[in-house]
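Working notes, structure below.
Read-outs: derived from the displayed coordinates by stated rules, not from any lab. Everything numeric in this text was worked out from a predicted model, so none of it was measured. Using ideal geometry, Cβ is built from the backbone for each residue, glycine included, and neighbour counts are taken over all protein chains shown.
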Amino acid sequence: MRFLQSLRASFSSSPSAGHSRDIYPVMVRCRRCEELLTIQINLSNDLSQDYERDLFFVRKLISGSGANRCFQQIEVQLTFDAQKRLLDRTISGGSFVDAA
């Protein structure tokens, strides 16, 4: 019975509870058309692990909406430490935009 109660609690919890720290938002601006694009990196599922250096990394290709007839791909590479804190970021085809 206790198992069923814990199972029910896991499904009935609100979707935003506890998930915000698992998401890392990335805002970029296209170098060609200046379109502002935002993606979200899921730190629980999107990262790959480098066992030799004890790091996590992710590589994403971002394409714009095409509203400006620009279909340039922007490549973002992020490196995280073992506690999933950002260590390094590189971009080609655009520039990073800070939220502030």
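Under 5 Å between amide hydrogens, built in the peptide plane, is the criterion, and for Gln72 it picks out Gly64 among residues at least 5 positions away or on other chains. Computed from backbone phi, the HN-Hα couplings of the range 55-61 come to 10, 10, 8, 8, 10, 10, 9 Hz, rounded to whole numbers (Karplus: 6.51 cos²θ - 1.76 cosθ + 1.60, θ = phi - 60°; Gly and Pro given as x).
Quick check: residue separation of Phe96 and Arg31 times 0.36 nm, minus the Cα distance between them. What number comes out in nm? Please list the in-between numbers first.
Values: separation 65, 0.36 × 65 = 23.40 nm, distance 1.02 nm.
Difference between extended and current length: 22.4 nm.
The Kirkwood hydrodynamic radius of the range 22-96, based on inverse pair distances between different Cα atoms, is 13.0 Å.
Label point of Asp22 set 7 angstrom out along Cα-Cβ; within the range 58-100, amide nitrogens under 16 Å from it belong to 84.
In this structure, Ile39 and Cys70 have a Cβ-Cβ separation that, at R0 = 22 Å, corresponds to a calculated FRET efficiency of about 0.85. Taking amide H atoms as placed 1.01 Å from N in the peptide plane, the amide H of Phe80 lies under 5 Å from those of Phe56, Phe57, Leu87, each 5 or more residues away in sequence or on another chain.
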